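To start, the structure itself, in structure tokens.
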Amino acid sequence: MELHFTGVIIAVSTFVIIGLCHPLVIKMEYYTGTKYWWTFLLVGLACLVCAFFVGDVVWSSLLGVTGASLLWGIGELFSQKKRVQKGWFPMNPKRKDEYEPIDPDEPLCPVHHGKSIYAIKREQPSASQAKEQVKS
């Protein structure tokens, strides 16, 4: 029986790449704001283009995943700015004048039907409140 590790290597590497992009977005927004979003665009597109020309399946997949993750990071960078404005993440005091306070119940995206996830969670009853509602 022969074992094939390609799928597992790609899966673990994808997990690591996505895991590294999350703090990258947070740190980039903290130190530079959203003004360098285009670096995510250029590097992401470069990775995707390179993926077409790399013959090895693993490396081509990793370039594709990196490119897609960086392109996704553009939207996350702007969402991170909103999270900072809402007070969910620390604000860089050196860039304090770049932020305007916004309502914490304002949605980050329209998918949540006009509410943030945190607003929806606040509206849901706790376990003890749910039990009291069932009893009455």
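No value in this document is a laboratory result; all are computed from the given coordinates. What you see is a predicted model, and the numbers here were worked out from it, not measured in a lab.
Structure summary
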item	result
Karplus-derived 3J(HN,Hα), 6.51/-1.76/1.60, for each residue of the stretch 15-20, Hz, glycine and proline x	4, 5, 4, 5, x, 7
Cα-based shape type of the stretch 1-66, given that a ≥ b ≥ c are square roots of the gyration tensor eigenvalues and the cut on a/c is 1.5	oblate
Amide hydrogen neighbours beyond the local backbone of MET91, cut-off 5 Å, H modeled	none
Calculated from backbone phi, Karplus (6.51, -1.76, 1.60) coupling profile of the stretch 67-79 in Hz, x at Gly/Pro	x, 5, 5, 5, 5, 5, x, 4, x, 5, 4, 6, 5
